[in-house]
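One structure follows; several queries about it will come next.
The values are calculated or read from the model by the stated rules, or taken from the named source; none is laboratory data. Please read all numbers here as calculations on a predicted model, not as lab measurements. Glycine also receives a Cβ, built like all others from the backbone with ideal geometry; neighbour counts cover every protein chain displayed. Protein only, heavy atoms only, side chains kept; ligands, DNA and RNA dropped before computing areas. Shrake-Rupley method; radii C 1.70, N 1.55, O 1.52, S 1.80 Å.
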Amino acid sequence: MKNKIITALLLLSLVSGLTACGAKEPSASDLTSKRAQGNETETAGETVDEEETEKEAGETKEEPENTEKEEAEKEDAEKEDTGAVSGVVFGSKEAKGYDGFEYLMEELISTSNTRSGEKKTLSVFVPDGDYPSVSGSYATSDRMGVMVNVDIDPYLQYNYEDYTVEENLEAYVEEELSYSSYLYCVEIGEVEAIGKDAAMCEVTYMQYDSYDGLYAPYYQVYYLKELGDDVMGLVDICIIAEETTGKTKDLLAELSSFYQVEIGWDESFAETKWVEFESSDEYNADAFNIGYMTFELPDGWEKDETESTYSESVFAPKGDAIGEYGYLSIEEDYAYDDGVIDEMLSDLEYTQSYFEDVLGEDVSDLVIEDAGETFLGRTLKMEMKAEGDTGIFYIAQSGDYQYAVYAVIWAGEGDAARADVEAALDMFFETGKLNK
């Protein structure tokens, strides 16, 4: 029976043992036993539990009266500036109990993080969807491709009171996008002032869904408004173009009316964004995209959906890692220790001796060398044999993440198989890009 040394023990010793990542055995280590034993492939489904957060009963009480003259004047000015006869706008008292919207529902959110120390409760409107959620100062819901998040105690930059609303919004958008993953063709509009107490910013982008393997165009509006008593209201309106309907524009009109912000989306947006993306340098129709990186492989290589897992992506000729002559596997993990690769490369003689002791007689022809600087960062290469199978491994670290790329050529497949796998590795490193 094929042993697991090539794909399991090495990575457990190197990636887990030396970087303290925990004893995680790569699922590709089971490919050897599956190939040898002819076991049926087992797939595991994932169950996603959805939780709904209900409004607290205590939040339905009457909103405390605001005695500050400046807030009263602000609400009067809003009515005059917007021409809204009803006065039903974000931050107004008239919004409470309003039922005139067809596609929006009222939610109550509160915060005690005020200058006066008094609790502030506001009525806000979000899409009348199936799964609205309210928690303290925050409310969210979606419908017809429109997701709305409203927060009257948002996390803004330190000492936000010392900055204008435009400066606060610009800092927020920059920080928000810096934490977003798998975004392409990002366009951030100028922050625009709306009156004296509000600002908005439009953002468009393509986002890659590594689970579905698809790109989707997004249009987003960030809106920040001063609500008095040192309370800031942040509204995030995100439009998922692929989920919109013919009535989405009517829902957006109601949001625009209540939040007093212009939403520039229309039904032509998705097609326009796709054309822009496909014309950009970021788009490569021939590349595989696994979320955190893109790369190309020779013709005929495909993802093995059966053997791939959430954390590991497996590629093989015809997408069959067990039935064909070999495979390529890729993993990403958080790097708990800095400089591990540099440390191992600083003394290759010691590193080789270490792994010879760890792996013992189960492997032969062990060779460890410096692969130089690749798109994955400083990279170490290891090659060995175990019961006739050949393993070629690359371990690298870039920033806060470490990467394990390993190829296996099954025993008895010959020189042609090795040449094909090496060609796949060469193309992988020549075309690879990290999506960070």
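Look at Asp209 and say whether it is out of contact with any Asp or Glu (no Cβ under 9 Å at 6 or more places or on another chain), open to solvent by 10 Å² or more (accessible area, probe 1.4 Å), within 25 Å of Trp274 (Cβ to Cβ) and touching a residue at least 24 places away in the same chain (Cβ under 8 Å).
Yes; evaluated as a whole, the condition is true for this residue.
Moving to a separate point now. Quick one: count up the residues across region 229-257 that are touching a residue at least 60 places away in the same chain (Cβ under 8 Å), more than 21 Å from Glu107 (Cβ to Cβ) and among the small types (Gly, Ala, Ser).
Count: 1.
Moving to a separate point now. Being of a type in the set (S, T, N, Q) and buried (at least 20 other Cβ atoms within 10 Å of the Cβ) is the filter; apply it to region 238-259 and report the residue that is farthest from Ser308 (Cα to Cα).
Within region 238-259, the match that is farthest from Ser308 (Cα to Cα) is Thr248.
Related question: With a cut-off of at least 3 residues that are open to solvent by less than 60 Å² (accessible area, probe 1.4 Å) and of a type in the set (Gly, Ala, Ser), name the strands (runs of 3 or more DSSP E) lying wholly within region 356-436. If you could, list the steps in order and put the result at the bottom.
Details: elements: 364-374, 377-386, 389-398, 401-409.
Of the strands (runs of 3 or more DSSP E) lying wholly inside region 356-436, those with at least 3 residues that are open to solvent by less than 60 Å² (accessible area, probe 1.4 Å) and of a type in the set (Gly, Ala, Ser) span 364-374, 389-398.
Something else now. State the number of residues belonging to region 289-312 that are in a strand (DSSP E or B) and either open to solvent by 10 Å² or more (accessible area, probe 1.4 Å) or under 18 Å from Gly414 (Cβ atoms) (or both). Quick ask: steps written out before the conclusion?
In the first step, residues of region 289-312 are kept if they are in a strand (DSSP E or B); the result is 289, 293-295, 301-303, 312.
From what's left, either open to solvent by 10 Å² or more (accessible area, probe 1.4 Å) or under 18 Å from Gly414 (Cβ atoms) (or both): 289, 294, 301-303.
Final tally of qualifying residues: 5.
Shifting gears a bit: Among the residues of region 270-283, are any in contact (Cβ under 8 Å) with a residue 24 or more places away in the chain, under 20 Å from Glu102 (Cα atoms) and open to solvent by less than 60 Å² (accessible area, probe 1.4 Å)?
Taking every residue of region 270-283 in turn, none turns out to be in contact (Cβ under 8 Å) with a residue 24 or more places away in the chain, under 20 Å from Glu102 (Cα atoms) and open to solvent by less than 60 Å² (accessible area, probe 1.4 Å).
Scan region 366-389 and tell me whether some residue there is at pLDDT 90 or above, farther than 27 Å from Ser311 by Cβ and more than 35 Å from the chain's Cα centre (by Cα).
There is at least one residue in region 366-389 that is at pLDDT 90 or above, farther than 27 Å from Ser311 by Cβ and more than 35 Å from the chain's Cα centre (by Cα).
Of the residues Glu59, Glu107, Glu70, Glu75, which single one is closer than 29 Å to Met144 by Cα, at pLDDT below 95 and charged (D, E, K, R)?
That would be Glu59, the only listed residue that is closer than 29 Å to Met144 by Cα, at pLDDT below 95 and charged (D, E, K, R).
Is it the case that region 220-233 has a residue that's within 22 Å of Glu102 (Cβ to Cβ), open to solvent by less than 20 Å² (accessible area, probe 1.4 Å), out of contact with any Pro (no Cβ under 8 Å at 6 or more places or on another chain) and in a strand (DSSP E or B)?
Yes; the residues of region 220-233 include at least one that is within 22 Å of Glu102 (Cβ to Cβ), open to solvent by less than 20 Å² (accessible area, probe 1.4 Å), out of contact with any Pro (no Cβ under 8 Å at 6 or more places or on another chain) and in a strand (DSSP E or B).
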